[in-house]
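See below for the structure under consideration.
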Amino acid sequence: MSSLQVSVYRYNPETDSAPYMQEFQIDTQGRDLMVLNVLTMIKDQDSSLAFRRSCREGVCGSDGMNMNGKNGLACITALSEVVKDNKLVLRPLPGLPVMRDLVVDMGLFYKQYERMQPYLQNDTAAPAIERLQSPEERDKLDGLYECILCACCSTSCPSFWWNPDKFVGPAGLLQAYRFLADSRDNATQARLAELEDPFSLFRCRGIMNCVSVCPKGLNPTRAIGKIREMLLSNAT
Amino acid sequence: MVTNITNLGRSGLSDWLIQRVSALVLAVYALFLVAYLLFHPNLDYVTWSGLFAQTWMRIFSLLAFISMAAHAWVGLWTISTDYLKHTGARFGFQAVVILAIFVFLVWGVQVLWGA
Ligand code: SF4
Ligand code: SF4
Ligand code: FES
């Protein structure tokens, strides 16, 4: 029998007094499906289940969730990567308020992102055509710009769980460095000043949960280290 | 910018630097003491108090005590802002920690220069 036992976190604040786990039996017919396929099959059984998804190919970042204890994108996570003893436990991303079932309120996450002013700032006169960048300068943005804001990293970070209103979190800090490292941006001092307090950046304890879950293989811890170096050389 | 008045330096950068430097001082001090004990297997009171009678050892010890005080404060302040969400409890905890660190520091100075 190729029946998979799936346990899904359910919570509808309008009707449930508390969250609970609901069990489903899913016949995968022996195929190594993606977790998102399984969710779609569950939705056929119970259409009241709420979850986000869009691109189903790891590009939009909507279906970040906790699968057997690890955050990831359901659409590009194969059952063979996460299922143990034929069991799959699906929960919403940890640490953010649950709106319904697997759908979380990403407000705090976006607020921290917004605080990093994730857009190019340059107060020198605009050139006639465009601000040029050498291939070497452009290379510095590799491993930074690819972030899809899925929040898998920040919601696996204990420092973000404890202080989501003050600690920017790995995703926001990766984007902060993306603009600090950009040769066309000259708001460096203002960006660094925003990160010097004891919480915004320095709450990072370097445990690298963020690195271990990022579905795009990015390394926020390294970016955080680079910003810390910039702050240090700025101040000493 | 996130502000917080109970953090002494008010800068995450200086806290971070204090933690690194104080950890280094404490590591050197601990290694020195272990090495000293290894080289003096039959250590008696006279030799031991003779070591602490020397000015350089007193300065070195005071440096270690101050490092310990700073390290403990930054570390415990951080822990309290992570885990104690109730403002009164957090403030109470920080007050107790500050008082304890102050008492130990003064007591340490007294031990070093009193004997
Ligand atoms: S390395 Fe820093 S940002 Fe990444 S999970 Fe750990 S504490 Fe969070
Ligand atoms: S750094 Fe990775 S895990 Fe974090 S939001 Fe970006 S893509 Fe997602
Ligand atoms: S559905 Fe778009 S990333 Fe998974």
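Tabulated data
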quantity: Cβ-derived FRET efficiency at R0 45 Å, B:Y83 paired with A:T40, nearest 0.05; calculated: 0.70
quantity: Loop-located trypsin sites (Lys or Arg not before Pro) in the stretch A:13-114, at most 13 other Cβ atoms within 10 Å (DSSP); calculated: A:R31
quantity: Residues of the stretch B:19-33 with amide N under 14 Å of the 7 Å Cα→Cβ point at B:L63; calculated: B:21-33
quantity: Set of lysines near A:K216 by C-alpha distance (under 26 Å), chain-local residues within fewer than 8 positions excluded; calculated: A:K70, A:K84, A:K87, A:K111, A:K140, A:K166, A:K226
quantity: Highest-fluctuation residue, A:L120, A:L90, A:L149 considered, GNM on chain A with Cα pairs under 10 Å; calculated: A:L120
quantity: Where Rh is the Kirkwood radius over Cα pairs, Rg/Rh for the protein assembly as shown; calculated: 1.10
quantity: Span-like helix ranges in chain B, DSSP H, alpha carbon extent 15 angstrom or more, Kyte mean at least 0.0; calculated: B:12-39, B:55-83, B:87-114
quantity: Spin-label pair B:V103/A:S54, simplified geometry with 7 Å Cα→Cβ offset, distance in nm; calculated: 5.8
quantity: Whether the stretch B:11-113 is rounded, prolate or oblate, judged on the alpha carbon gyration tensor where a/c under 1.5 counts as rounded; calculated: prolate
quantity: J(HN,Hα) series, the stretch A:214-230, from Karplus relation 6.51 cos²θ - 1.76 cosθ + 1.60, nearest Hz, glycine and proline x; calculated: 4, x, 9, x, 8, 10, x, 4, 5, 4, 4, x, 5, 5, 4, 4, 4
quantity: Most mobile of A:D63, A:D27, A:D182 in a GNM of chain A (Cα contacts under 10 Å); calculated: A:D27
quantity: Hz values of 3J(HN,Hα) by residue in the stretch A:164-180 - Karplus curve (6.51, -1.76, 1.60), Gly and Pro given as x; calculated: x, 8, 10, 8, 4, x, x, 5, x, 5, 4, 6, 4, 5, 4, 8, 5
quantity: Residue of A:S159, A:S183, A:S17 that the Gaussian network model of chain A assigns the largest fluctuation, springs spanning Cα pairs under 10 Å; calculated: A:S17
quantity: 10 Å Cβ neighbours from other chains, averaged over peptide B:11-20; calculated: 5
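Computed from the coordinates by the stated procedures, all read-outs in this text should not be read as laboratory data. Predicted, not measured: the structure shown is a model, and the values here were computed from it. Because the Cβ atoms are built from the backbone with ideal geometry, glycine has one as well, and the counts that use them run over all protein chains shown.
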